[in-house]
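Have a look at the structure below, then the notes.
Computed from the coordinates by the stated procedures, all read-outs in this text should not be read as laboratory data. Given the structure is predicted, the values throughout are model-derived calculations rather than measurements. Cβ placement follows ideal geometry from the backbone for every residue including glycine, while neighbour counts extend to all protein chains displayed.
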Amino acid sequence: MGGYGDVQCIDENGIRLDGRTKDEVRPVHIETGVVPVADGSARMTWGLNDVIAAVYGPMEAHPRKIQRQDRAVLDVRYNMAPFSTTDRIRPGFNRRSREISKVTAEALESVVLTELYPRSKIRVEIEIICAEAGTRCAGITAASVALAHAGIPMTDMVVSVASGKVHDIVVCDLNKEEDNYGEADLPMGILPNSGEIVFLQMDGDLSPDQFQEAWDYNMEAANVIHAEMVRALKGGDE
Amino acid sequence: MAIPLVPKLLRAHLAELAAEDQRHDGRGRFAGRDVELELDCLPRAEGSARVRMGDTIVFAGVKFQIMTPYPDRPNQGGLMCSAEVRPVAGRNWEPGPPSPESIELGRVVDRGIRESGCINTEDLCLIPGEKAWQVILDLFAVSDDGNLFDAFALAGIAALKSATVPGERFGVGEDRPLGVAKTPVMCSYHKVGGRFVYDADKREELGGDERIHITLGDDDHVHSLQKGLKGIFTAAEFAEIMDEARSRCAELRDLIDEKLEGE
């Protein structure tokens with residue numbers, strides 16, 4: 001969180017650059033079955049974010065050293081396509097995508113009933129086709145829908161969303177400018193049915209009151225996004 | 001790509017169908033799957049396209065960078081084309097550095113576009129010897145149900161033809177269309193059950209033999225050829241598919257022009 005520059009992310013009437021008020025979520029749309037050759041898949045557009053998640057498996061886990069005798073392992077990969085950002089990204093792994101893959105796997109392993117599939121692996125592929133801010137949240141959310149679409153048993157779906165702070169004002173669901181020029185970012189992974197948390201990160205600067213406000217925004221946004229996830233899984237637009 | 005075991009049963013089944021001049025999905029020998037082409041679908045790319053052929057789905061995105069011209073061509077910019085097939089596209093595609101299969105894909109598509117001369121690299125020069133545009137075409141597979149070659153080539157040329165040079169963002173003049181003079185199009189034929197078929201799907205690829213990729217330009221000139229995988233073919237077989245390729249490439253070229261006009 002830099003806090004540098006003089007980009008005005010929110011005007012005197014409390015309207016943000018994309019026209020939202022401080023407690024609104026960007027438009028969300030989810031579609032399932034977008035990777036026909038996969039066992040389950042979902043595409044999520046969230047503001048300008050465009051994310052495709054595909055699930056393969058459960059399948060034999062190899063190399064054998066990654067097998068677990070009592071459960072399945074989740075093999076999660078988060079990746080940004082070279083044309084997904086303003087400046088082209090060179091293909092290949094980097095430290096950022098490794099970390100996001102790791103925390104995403106751990107969030108999803110908290111809800112998938114992995115003990116039903118000992119010694120196997122479930123592949124979860126998250127591809128960011130277009131990025132706006134909050135791609136890790138969109139990735140986790142899309143992956144949850146893809147897992148459900150593949151029929152993998154789970155206790156709940158993870159809904160992930162990030163709120164934060166710009167110009168000392170707490171705002172829900174950060175957009176690109178707010179992410180770049182704002183003062184705090186609080187991404188969370190929420191189980192909407194119980195209100196429990198499986199993913200949490202934060203960077204920046206928040207007072208105790210601001211932290212609570214951002215937390216509450218995330219909880220409210222999770223319900224909005226969860227409704228769209230359920231709608232997509234129940235047969236989409238029909 | 002991990003090479004899956006090819007069951008003898010699949011090969012035998014495809015051979016039986018071929019003997020009756022049939023295909024497992026009911027298509028004729030030279031009939032392609034339905035083609036969907038969508039332009040400008042990636043807001044962060046300067047040009048983009050999405051192609052769907054049956055259950056094969058790919059994206060192409062064009063990005064620009066400023067480069068120093070090569071010393072032997074001081075008044076020319078550059079074109080770079082790379083193909084990535086990540087494990088999202090199918091259960092046999094593995095993570096890691098680019099596989100030989102995906103490198104071949106990128107290079108064959110690159111040759112067809114480059115050698116057609118559709119992009120005037122001298123137009124891309126900003127200051128001779130110092131500054132020029134590098135055009136980067138990234139091909140990205142989302143779902144591989146066979147014939148990624150044709151899908152990539154179609155998405156690639158469509159993305160280039162709809163691309164805008166981002167002069168303003170880089171502070172080097174105004175935004176302008178890239179200007180792609182020609183429309184090279186690729187058609188691929190796969191030998192399945194002893195005879196060539198057009199637009200093979202994944203099952204036909206797995207149970208087939210060699211493949212041939214043909215890229216033709218507007219005037220039916222040949223711009224790239226590639227024979228892939230193990231197998232032997234005759235001059236007569238090649239003449240037959242070359243004939244087919246001429247009419248099919250023209251159809252696909254019309255599809256691209258139609259979409260660009262609709263912009």
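Compare the Cα positions of B:S143, B:V88, B:Y189 along the charge dipole of the stretch B:8-261 (+1 at Cβ of Lys, Arg; -1 at Cβ of Asp, Glu; about the Cα centre) and return the one farthest towards the positive end.
Comparing the listed Cα positions along the dipole, B:V88 ranks first.
For the stretch A:1-104, which GluC sites (Glu not before Pro) are both in a DSSP coil and crowded by at most 15 other Cβ atoms within 10 Å?
Those satisfying the criteria are A:E12.
I need the shape label for the protein assembly as shown. Rule: rounded when a/c is under 1.5, else prolate if a/b > b/c, else oblate, with a, b, c from the alpha carbon gyration tensor.
oblate
With +1 on each Lys and Arg Cβ and -1 on each Asp and Glu Cβ, how big is the dipole of the stretch B:8-261 about its Cα centre, in debye rounded to the nearest 20?
Value, rounded to 20: 640 debye.
Can you tell which of A:V25, A:T114, A:Q67 lies farthest toward the positive end of the dipole of the stretch A:1-122, using +1 and -1 charges on the Cβ of basic and acidic side chains (Lys, Arg; Asp, Glu)?
Going by the Cα projections, it comes out as A:Q67.
Can you compute the charge dipole magnitude of chain A about its Cα centre, using +1 on each Lys and Arg Cβ and -1 on each Asp and Glu Cβ, nothing else charged? Give it in debye, rounded to the nearest 20.
Approximately 1480 debye in magnitude.
Could you order the peptides B:53-64, A:78-89 from most to least packed, using the average number of other C-beta atoms within 10 Å per residue?
The densest-packed peptide leads the list: B:53-64, A:78-89.
Less than 11 Å Cβ to Cβ from A:I15, Lys/Arg counted +1 and Asp/Glu -1: what total charge do the surrounding residues give?
-1
Go through the stretch A:183-199 residue by residue and turn each phi into a ³J(HN,Hα) via Karplus (6.51, -1.76, 1.60, θ = phi - 60°); whole Hz please, and just put x for glycine and proline.
In residue order, the calculated couplings are 10, 7, 9, 10, x, 9, x, 10, 9, x, 6, 10, x, 7, 10, 10, 8 Hz.
Let's see if you can work this out: charge +1 on each Lys and Arg Cβ, -1 on each Asp and Glu Cβ, no other charges. What is the dipole magnitude of the protein assembly as shown about its Cα centre, in debye to the nearest 20?
For the protein assembly as shown, the charge dipole is close to 2020 debye.
Could you work out the local net charge near B:P71, counting Lys and Arg as +1, Asp and Glu as -1, over the other residues with Cβ closer than 15 Å to its Cβ?
The answer is 0.
Pairs of alpha-carbon atoms within less than 8 angstrom and 6+ residues apart define the contacts here; what relative contact order does chain B have, in percent?
21 percent.
As a check on your grasp of the helix formula, calculate [θ] at 222 nm for the protein assembly as shown: sum -39500 (n - 2.57) over DSSP H runs of n ≥ 4, divide by the residue count, round to the nearest 500.
Helices in the protein assembly as shown give a 222 nm mean residue ellipticity of -9000 deg cm²/dmol.
How big is the antiparallel share of DSSP beta bridges in chain B, given as a percent to the nearest 5?
Looking only at bridges with both residues in chain B, the antiparallel portion is about 85 percent.
In the protein assembly as shown, with Lys and Arg counted as +1 and Asp and Glu as -1 at Cβ, which of these residues, A:Q8, B:G117, B:L37, has the Cα nearest the positive end of the dipole, that is, farthest along it?
B:G117
My understanding is that a pair violates if its Cα-Cα distance is over 27 Å; which of A:K102/A:K176; B:K161/B:K191; A:K121/B:K227; A:K121/A:K176; B:K131/B:K259; B:K63/B:K182 do that in this structure?
Violating the 27 Å Cα-Cα cut-off are B:K161/B:K191; A:K121/B:K227; A:K121/A:K176; B:K131/B:K259.
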